[in-house]
Amino acid sequence: MDIPRGKVTAIMGPSGTGKTTLLKLIGGQLQPDSGDIYVDGQHVNALNNKALYQLRMRMGMLFQSGALLTDLTVFDNVAFPLREHTKLSESMIRKLVLLKLEAVGLRGARDLMPSELSGGMARRVALARAIALDPMMIMYDEPFTGQDPISMGVLVQLIRKLNDAARISSLMVSHDVAETMQIADWVYVISEGKVVESGSPEQLRSQGGEWTQQFIKGLPDGPVPFHFPADDLANDLGACL
Amino acid sequence: MITRVLAQLGSVGVSALSSIGRAHLLILNMLAGLNDIIRRPRLLIDQLYSVGVLTILIIAVAGLFVGMVLGLQGYYILSRFGGETALGLMVAASLVRELGPVLTALLFAGRAGSALTAEIGLMKATEQLSGLEMMAVDPKHRVLSPRFFAGLISVPLLAAMFSCLGIFGGWLVGGGMLGVDQAAFWNGMQGGIDFSDDLVNGFIKSVVFGFVCTWIAIYQGYDCIPTSEGVSRATTRTVVHSSLAVLGLDFVLTALMFG
């Protein structure tokens, strides 16, 4: 699997198929049983702790829950990576944080605590924090799950705009077909830990295989059967009687 | 049948050993985090407040009442032999040697230890610890280490406070209510309590208990299953394991110190 620079690459597949695990492998939070992972030429699963942390400074990650630090305000959450990894003055950090918050439309929410934010706002703050250090790539873990249509639209637009404006490589894991296909340049469809198909959204829509078509169109029956494997119904009922 | 029982025993043994291994790796990582704390003492100060200062009330109230009960019980027993003048010594020795460190550690495990486990467990469940890792910040150094050192520092101070208030409570009852001679109460204490045998040994106990209780609390939070049930079970384990560890270690330490 190759993730091109400067593009929005989506990894789609049903729940429990290993999408989040893949992001954790790329971020070095998990070690693969086999295979190799390279990010910007660096062999992630062979890096020592120090080198891995250096690499992570150039990666951003948006977690499904936002993963904001609950004891810090919105402002302090976005300032956190800057305070940890740079020696910038507080006045410079303030300017940078306000610019990042402005980019996600939440400059006015800087004094709120994470508990006061809606789910969509929390993800936007997490996005501002993820881009605080101007990373070369951002990984999005199910960015649209549980969002109302407006928040979803905002996130879709933000991900695309940030990718294009900052020339970031975006890797997005999702099973929200419509939103993902709308902004992705390239899509990998995976199932049970394996790549089933890949291509541009248009290619997958028009030439995708049976499994991909079922997934994209949300068909209840197909290669992924509606029924969980079981004995014949008549036999089962007979056994009960 | 026998094979299955053996397999289950083996599985429990492997799981217990691997848990002990993880706990030891964690403590090494937390001790290595001391550098970060020296660079940024604010991290420790914040935790000293939430782990130590917020536990003062329960320690103060418990210490006072334990001392008052000791004064009452001690008076009734000692007065049978005409030895009520030794009440001060009895109250102080009981508190400094045993009750101060042990009860403080038990109360600390119930108040601060459970809170530490729940907080860290919830941070894990809400991906805050993973988020820190992905921001290239080691949560063991940034989050766990300050909490560990705060617990280590707080417990001996809280134990000292418990003993002081307990002695005060004993004096209130003995000297104030029951009419024990005040000079005898304080002189007996002054003459009978030895600095190295009593105070230093009591201090060593409270340091050991602080180390163990905080270690258990942090490990249970960090190692818990990140669900509401997992955090709840980890919190219960913290209180149970800490209490048993304190009581068991108290016997061992007492045997070594006074045996």
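The values are calculated or read from the model by the stated rules, or taken from the named source; none is laboratory data. Source: prediction; values computed, not measured. We place every Cβ from the backbone using ideal geometry, glycine too, and count neighbours over all the protein chains shown. In case anyone asks, the SASA skips ligands and DNA or RNA and just uses the protein heavy atoms, side chains included. Shrake-Rupley method; radii C 1.70, N 1.55, O 1.52, S 1.80 Å.
In table form, for the structure just shown:
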| read-out | value |
| --- | --- |
| Qualifying residue in region A:80-94 (condition: in a helix (DSSP H, G or I), basic (Lys, Arg), more than 8 Å from every other protein chain (Cβ to nearest Cβ) and under 15 Å from residue A:132 (Cβ atoms)) | yes |
| Search result, residues across region B:122-166 that are over 25 Å from residue A:126 (Cα atoms) and surrounded by fewer than 24 Cβ atoms within 10 Å (Cβ to Cβ) | B:149, B:152, B:153, B:156, B:157, B:160, B:161, B:164, B:165 |
| Residue A:116, sole failed condition from (1) within 13 Å of another protein chain (Cβ to nearest Cβ); (2) open to solvent by 70 Å² or more (accessible area, probe 1.4 Å); (3) within 30 Å of residue A:175 (Cβ to Cβ) | (1) |
| Condition broken by residue A:48, with the remaining ones in (1) within 23 Å of residue A:23 (Cα to Cα); (2) away from chain B (no Cβ under 14 Å); (3) more than 23 Å from the chain's Cα centre (by Cα); (4) not acidic (Asp, Glu) satisfied | (2) |
| Neighbours by Cβ (under 6 Å, 6+ apart or cross-chain): first from region A:96-120, more than 23 Å from residue A:146 (Cα to Cα); second part of a loop (DSSP other than H, G, I, E, B) and modelled with pLDDT of 95 or more | A:111/A:73 |
| All strands (runs of 3 or more DSSP E) inside region A:154-223 with 1 or more residues being free of Cβ contacts under 8 Å to residues at least 40 places away in the same chain | A:194-199 |
| Residues that are touching a residue at least 40 places away in the same chain (Cβ under 8 Å) and either open to solvent by 30 Å² or more (accessible area, probe 1.4 Å) or in contact with a Leu (Cβ under 7 Å, 6 or more places away or on another chain) (or both), drawn from region A:47-60 | A:57, A:58 |
| Residue count for region B:127-152, restricted to those that are under 16 Å from residue B:45 (Cβ atoms) and either facing chain A (nearest Cβ under 9 Å) or free of Cβ contacts under 8 Å to residues at least 12 places away in the same chain (or both) | 1 |
| Residues being part of a helix (DSSP H, G or I), of a type outside the set (A, V, I, L, M, F, W, C) and open to solvent by less than 50 Å² (accessible area, probe 1.4 Å) - total across region A:10-36 | 2 |
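Here's the yes/no breakdown for (1) in contact with an Asp or Glu (Cβ under 8 Å, 6 or more places away or on another chain); (2) farther than 24 Å from residue A:163 by Cα; (3) surrounded by fewer than 13 Cβ atoms within 10 Å (Cβ to Cβ):
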site	(1), (2), (3)
A:181	no, no, no
A:191	no, yes, no
A:204	yes, no, no
A:225	no, yes, yes
A:231	no, yes, yes
